Amino acid sequence: MGRYVLRRLLQMVPVFVGTTFLIYVLVWAVPGDPFEGKCGERDCPASYITMMRERFNLDDPLLLQYWKYLVNLLQGDFGVTSSGVQVVDRIAATFPVTLRLALVALLVEAVIGITAGVVSGLRDRGFLDSLVLVSTLFLISIPVFVTGYAVQLVFGLQLGWIAPTVTTPTFGNLIVPGFVLASLSMAYVARLSRASIAENRRADYVRTALAKGLPTRRIVGVHLLRNSLIPVITFLGTDLGAFLGGAIVTEGIFNVPGVGGLVFRSILTKDGAMVTGVVTVLVLVYLLMTLLVDLLYAVLDPRIRYD
Amino acid sequence: MARARSTPRLVPAVVAVALAATACGSTDTPTGSNADAGITIFNTEPENPLVPGNTTEVGGSRVLDPLFTGLVEYRARDAQPVNAMAESIDTTDSKTFTVKIKKDWLFHDGSPVTAKSFVDAWNWTAYGPNGTQGASFFSQIEGYDAVHPKDPDGPDKPQAPPAPTAETMSGLAIVDDHTFTITLSEPFAVFPVTIGYEVFAPLPEVFFKDRAAFEGHPIGNGPFKFVSRTVGTDIKLTRNDDYKGDDKPKFKDLTLKVYQSRESAYADLVANNLDFMEELPPNALAGRQYETDLGDRVVQRETLNNQTIAFPFYLPPYDNVDLRRAISMAINREEITERIFEGTRKPADGWVHPLMKGYRPGQCGEYCTFDPDKAKAALAKSGYTGEIVLLSNTDGGHQEWAEAVVNSIKNTLGVQARFVPSTSFGEFRQKVNAHEMTGMYRAGWVADYPSIENWLTPLFRTGASSNDGLYSNPAFDAKLAEADKATSEDEAIELYLEAERIMAPDLPSIPLWTQNTIAGRSDRLKVANLDPFRTLDLFSVEVA
């Protein structure tokens, strides 16, 4: 187990270097002047551009630029944006917000999704099963931004039950955006667990458990669920990673000051240092999430061994 | 503005349909005018450190403008410059200006504002190695070349710019604590009009001692004081009760809130959670949705910007004056402004904006009037029968009118005309700057300062900074030079108008229309007006 983890961690090194290199190259290779828009609707003076190019090492060959960036990064220096703000400060300010949003979404997705999946998986072709199938199909077919705007419009503007945007990102205020963010994945989780449960329901070990006279609650809750959750856990794990980086639309609609909006705006304003910094952290999070998911497999299914 | 342009295209339609059913949200509002109230207005994240000489983009300007008061300020009503910190600005030859500043003004830290505060600030901003954004605004002052030498091969190339030979501009001299003189390298009659921009703001001594601390907590001399900033969330200012200016703000606290998107800000505005927002998002403008959503909370006025079609004089056939005339006379401005913009744009009849002092109607004359017969005749005279191409970026909502213009040309002249979109403004501007345009192209101008001169010189004088199409007319240049040397404002205006008339038959660009800016306010604000520069006039704000 320990060796497996160590091996996985070592494998992360080339992945980390490769992705950061790609991001770095892509960010600065986006067509257009990286300082366009920095000076409003006029072109920046030459001396300003000279200074900025120097600050971001843009006059060096690309590999050297990246090397300098990587060296700083390994020392914990994420660099400074063109507005003189420390990238690491912005990451520290936005990550907890997005993490909170992602956790709310994950909770919604896991609790509602798995419950719906189990309930419908256990009842073949019943009313509840059809209801889950139809409602998940409905959710899957609506893009998140439609759900988001519709929720904001109906509950925020027309009924006035919620504030249309999030002012302070506390857990309570993030419940509505969390629901919106989770809506699509929730449907997938429900369908995944439904299929998995329905399949495993006829497995030998379930019949054995039934024959032993175990109570249904125990059969479903321990034997069936534990074995059926492997694909669901995989999905949830990668989804948490996706939530952290991909909540751009939801964050934009509800004005949540999180990572997604930060990356999005940084890309638009061509703030290379910021984009690379944030995405680097996202890559790390994603790598750790996949490792965590793989380790969870062994917990759920004793047949899986890592040494 | 780049930030608002990239919302998914479907969003506006969806929201427009849904919002149609919306009744305005309501919140409880206290009654009676409230001088101690706080308001929250829309902002975008400042993209530069908060130093007046180093910020020319809108997110930073919205913060710095209330914090600083310059020698002159522009009156919100008519954009005319009026003395603010200046007691008087005198000149006899339009080359040397003697500036007397008002006494007893203080910075927010209690230090006095003196002539030195201005001179030091200007020298710091102009100094090449400081690499400020506002440096070029000082280029007319004598000695600018010494503190800010030109980079011989451009900023993108390896060769470093030569080191400056001086640290201060020879054209600035302090006479006493409250007097200083400005000497320009060439006479420039409208110079006093240009210095209302916040790049010309004074800086306190603490700035020169500890710049990093200043950037974290800017200290100005304006009607508002800096309180705190949470990067990415908001910036808080509060009224400066020691402010010596004539106008006093009629509310206390000002919060500039950073929004992730214009759409989310608009939702807050509709729900009265946000007090003011200028330039509504596309989903609000589509089909005049804002009228349904905001009702009498819509704030609208004509602002200092226009839309034109520019010609690449380096690319045939666009150097053919008859073809340019034919194209201009083939565009039905009235119909396009009515149909596409529903009256929020006004057809232009010249290059100078109608809000400018000295504006004269009809300077472009028949060349800017839709006339199919004359247009066809001009086309025949030009001898051109090929295709006409119009280029524009489409991320700022330009596609609709660009297509309409092309259709208008096609239908009137009976030639092939094509609109070629380009996805990003940055990419588009890069090609414009590199003189790589393959057709005529969209151009717009936002006034730097409210002078008739600003609509002509930077755009059309030979070799001028924004003369991207490389237009050149010696007679026009000579008339501009004459106007620059004029000794009185009225004389200068007359001469600039003459220059505009000299240029008109050449049609170096086609004036299309001038623009209204549409903003919205919350129920709480009794009064909130826009100024001609598309921002909230803070002095007008009254909270109910």
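Among the candidates B:Gly59, B:Gly32, B:Gly38, which residue alone is at positive phi, at pLDDT 50 or above and of a type outside the set (Lys, Arg)?
On the way: B:Gly59 fails: at positive phi; B:Gly38 fails: at positive phi.
Being at positive phi, at pLDDT 50 or above and of a type outside the set (Lys, Arg) holds for just one of B:Gly59, B:Gly32, B:Gly38, which is B:Gly32.
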* Asked: Counting only residues that are out of contact with any Phe, Trp or Tyr (no Cβ under 7 Å at 6 or more places or on another chain), away from every other protein chain (no Cβ under 14 Å) and outside any helix (DSSP H, G or I), which one in segment A:260-305 is nearest to A:Phe235 (Cα to Cα)?
  -> A:Asp301
* Asked: Does B:Gly287 satisfy the criteria of being more than 23 Å from B:Arg339 (Cβ to Cβ) and in a helix (DSSP H, G or I)?
  -> no
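When the residues of segment B:69-120 are filtered to those that are among the acidic types (Asp, Glu) and more than 19 Å from the chain's Cα centre (by Cα), which remaining residue is modelled with the lowest pLDDT?
In the first step, residues of segment B:69-120 are kept if they are among the acidic types (Asp, Glu); the result is B:73, B:78, B:87, B:90, B:93, B:104, B:109, B:120.
Narrowing the set further to residues that are more than 19 Å from the chain's Cα centre (by Cα) leaves B:87, B:90, B:93, B:104, B:109, B:120.
On the way: B:Glu87: 93, B:Asp90: 92, B:Asp93: 88, B:Asp104: 91, B:Asp109: 93, B:Asp120: 95.
That would be B:Asp93.
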* Asked: Does B:Ile327 fit the bill of being in contact with a strand residue (DSSP E or B) (Cβ under 6 Å, 6 or more places away or on another chain), in contact (Cβ under 8 Å) with a residue 40 or more places away in the chain and farther than 30 Å from B:Tyr266 by Cβ?
  -> no
* Candidates B:Glu427, B:Glu436 - the one that is within 14 Å of chain A (Cβ to nearest Cβ), part of a loop (DSSP other than H, G, I, E, B) and at negative phi -> B:Glu436
* Structure fact -> Going through segment A:229-259 in order, the residues found to be within 14 Å of chain B (Cβ to nearest Cβ) and buried (at least 22 other Cβ atoms within 10 Å of the Cβ) are A:Ala247, A:Val249, A:Thr250, A:Glu251, A:Gly252, A:Ile253, A:Phe254, A:Asn255, A:Val256, A:Pro257, A:Gly258, A:Val259
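Looking for something at positive phi and either surrounded by 15 or more Cβ atoms within 10 Å (Cβ to Cβ) or part of a helix (DSSP H, G or I) (or both) - is there at least one such residue anywhere in segment B:370-390? Give the derivation first.
Applying the first criterion (at positive phi) to segment B:370-390 yields B:383.
If we keep only those that are either surrounded by 15 or more Cβ atoms within 10 Å (Cβ to Cβ) or part of a helix (DSSP H, G or I) (or both) as well, we get none.
Looking for residues that are at positive phi and either surrounded by 15 or more Cβ atoms within 10 Å (Cβ to Cβ) or part of a helix (DSSP H, G or I) (or both), one finds none in segment B:370-390, hence no.
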* **Pair list, Cβ under 8 Å, 6 or more apart: segment B:80-96 residue over 13 Å from B:Gly245 (Cβ atoms), other residue surrounded by 20 or more Cβ atoms within 10 Å (Cβ to Cβ) and among the charged types (D, E, K, R)** => B:Pro81/B:Glu73; B:Ser94/B:Asp484
* Looking only at segment B:451-465, decide whether some residue is touching a residue at least 60 places away in the same chain (Cβ under 8 Å), over 17 Å from B:Ser509 (Cβ atoms) and in a loop (DSSP other than H, G, I, E, B). => yes
* Structure fact -> When segment B:354-368 is checked residue by residue, the ones that are over 22 Å from the mean Cα position of the chain (by Cα) and buried (at least 16 other Cβ atoms within 10 Å of the Cβ) are B:Gln363, B:Cys364, B:Tyr367, B:Cys368
* Asked: Looking at segment B:495-509, which of its residues are of a type outside the set (Phe, Trp, Tyr), more than 13 Å from B:Asn473 (Cβ to Cβ) and either in contact with a strand residue (DSSP E or B) (Cβ under 7 Å, 6 or more places away or on another chain) or in contact (Cβ under 8 Å) with a residue 60 or more places away in the chain (or both)?
  -> B:Leu497
* Qualifying residues in segment A:48-67 (those that are part of a helix (DSSP H, G or I) and in contact with a Pro (Cβ under 7 Å, 6 or more places away or on another chain)) - the one farthest from the other protein chains (Cβ to nearest Cβ) -> A:Arg53
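Yes/no per residue for (1) surrounded by fewer than 20 Cβ atoms within 10 Å (Cβ to Cβ); (2) in contact with a helix residue (DSSP H, G or I) (Cβ under 7 Å, 6 or more places away or on another chain); (3) in a strand (DSSP E or B):
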| site | (1), (2), (3) |
| --- | --- |
| B:Ala189 | no, yes, no |
| B:Glu215 | yes, no, no |
| B:Asn221 | no, no, no |
| B:Val227 | yes, no, yes |
* Structure fact -> Being part of a helix (DSSP H, G or I), out of contact with any strand residue (DSSP E or B) (no Cβ under 8 Å at 6 or more places or on another chain), over 26 Å from A:Pro96 (Cα atoms) and among the small types (Gly, Ala, Ser) narrows A:Ser196, A:Ser183 down to just A:Ser196
* **Subset of segment A:257-296 (residues that are of a type in the set (Ser, Thr, Tyr) and modelled with pLDDT under 80)** => A:Thr269
* Single unsatisfied condition, B:Ala310 versus (1) of a type in the set (Gly, Ala, Ser); (2) touching a Ser or Thr at 6+ places or on another chain (Cβ under 8 Å); (3) within 14 Å of chain A (Cβ to nearest Cβ) -> (3)
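Go through segment A:152-166 and report how many residues are over 26 Å from the mean Cα position of the chain (by Cα), at the interface with chain B (Cβ under 9 Å from one of its Cβ atoms) and part of a loop (DSSP other than H, G, I, E, B).
Final tally of qualifying residues: 1.
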* To do: Please tell me if A:Arg207 is away from chain B (no Cβ under 14 Å), basic (Lys, Arg), under 21 Å from the mean Cα position of the chain (by Cα) and not in a loop (DSSP other than H, G, I, E, B).
  => no
* Structure fact -> B:Asp448 passes all but one of the listed conditions (1) part of a helix (DSSP H, G or I); (2) closer than 24 Å to A:Ala46 by Cβ; the exception is number (1)
* Asked: Of the residues that sit in segment B:124-165 and are among the small types (Gly, Ala, Ser), in contact with a Gly (Cβ under 9 Å, 6 or more places away or on another chain) and at pLDDT 90 or above, which one is surrounded by the most Cβ atoms within 10 Å (Cβ to Cβ)?
  -> B:Ala126
* Structure fact -> Of B:Ile327, B:Ile309, B:Ile336, the only residue that is part of a helix (DSSP H, G or I), in contact with a Lys or Arg (Cβ under 9 Å, 6 or more places away or on another chain) and more than 30 Å from B:Leu538 (Cβ to Cβ) is B:Ile336
* To do: Please specify each residue of segment B:171-181 satisfying the condition of being part of a loop (DSSP other than H, G, I, E, B) and either among the acidic types (Asp, Glu) or loosely packed, with under 14 Cβ neighbours inside 10 Å (or both).
  => B:Asp177
* Asked: In this structure, does A:Thr98 turn out to be under 19 Å from B:Thr230 (Cα atoms) and not assigned by TED's automatic domain parsing to the domain that holds A:Leu192?
  -> no
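Look at A:Asp129 and say whether it is over 19 Å from A:Pro169 (Cβ atoms), part of a helix (DSSP H, G or I) and modelled with pLDDT under 90. Break it down into steps so the answer makes sense when it comes.
Working: over 19 Å from A:Pro169 (Cβ atoms): yes; part of a helix (DSSP H, G or I): yes; modelled with pLDDT under 90: yes.
Judged against the criteria, A:Asp129 is a match.
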* If you scan segment A:68-96, which residues turn out to be surrounded by fewer than 16 Cβ atoms within 10 Å (Cβ to Cβ) and outside any helix (DSSP H, G or I)? -> A:Gln75, A:Gly76, A:Asp77
* Structure fact -> Scanning segment B:291-305 residue by residue, those over 23 Å from B:Asp65 (Cα atoms) and within 24 Å of the chain's Cα centre (by Cα) turn out to be B:Val298
* Asked: For segment B:468-494, which residues satisfy the criterion of being buried (at least 19 other Cβ atoms within 10 Å of the Cβ) and assigned to a loop (DSSP other than H, G, I, E, B)?
  -> B:Asp468, B:Gly469, B:Tyr471, B:Ala486
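The values are calculated or read from the model by the stated rules, or taken from the named source; none is laboratory data. Computed from a prediction, not measured in an experiment: that's the story for all the values here. Every residue, glycine as well, gets a Cβ built from its backbone with ideal geometry; the counts of neighbours run over all protein chains shown.
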